[in-house]
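The structure appears below as structure tokens.
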Amino acid sequence: MAIREEFHHKTCCTVLPMTTDKSSGNQVDVSQDDDADDLETEGFYASLDAETNVISFSPNEETKEALDFITNNNDASVCAMRALISEASTVFSHCSSSYIEANMKVESTFSELLRADNLKSDLENNKNQFNDMVASEKELRQKLARLEEMKEELEKQIRTTNANIIASRKEQNMT
């Protein structure tokens, strides 16, 4: 029981600043945290709805009455509930931010993986083109070497033919 009282003291006595309403004499919560927590909670659920279309929250009349009761009652258990709800809202907000950040990282990683796959494919194509080009260059060098050999052989034949022509003319001139 001591743990419960300590929890009650920590959560109830430090979380909600109160003041006395002059018109009714009742204590009223002057904290703006509830509005901020409500906005964070709404933002969290809106982000989940936008991201996954799984969670949809629309409080019914009974839930609204219960929330009004919690908001307007200064009972110790209600104070503890407020603290727990505030803490849960903070945790949900943090989880929402973590989810959005993780989702962005997943999308970024997926995009980078697609880019890497495209680069790998392009590199493979370039490698194949290079190998084809090297093979073509080798084939062309071999053809060029054969053509140069043929050229030398033809030049040799031309020189021989020219020498034969000159010799034949000399022979004709001598006769």
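Laboratory data are not the source of any read-out in this text; all were calculated from the coordinates shown. Only a predicted model underlies this, so the values are computations on that prediction, with no experimental measurement involved. FYI the Cβ positions are ideal-geometry reconstructions off the backbone, even for glycines, and counts take in every protein chain you see.
Values for this structure:
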item	result
Gained length - VAL106 relative to LEU67, 0.36 nm times residue gap less alpha-carbon distance	10.3 nm
In nm, spacing of pseudo-spin labels at LEU113 and ILE158 (7 Å Cα→C-beta vector)	6.7
Cα-based Rg / Dmax (Å) for segment 105-175	30.0, 102
Label-to-label distance, nm, for residues given as VAL91 and GLU137 (7 Å Cα→Cβ offset)	6.6
Neighbourhood charge, 14 Å Cβ-Cβ cut-off, centred on GLN142 and excluding it, Lys, Arg +1 and Asp, Glu -1	0
Counted charge near GLU155, where neighbours are those whose Cβ lies closer than 13 Å (Asp, Glu -1; Lys, Arg +1)	-1
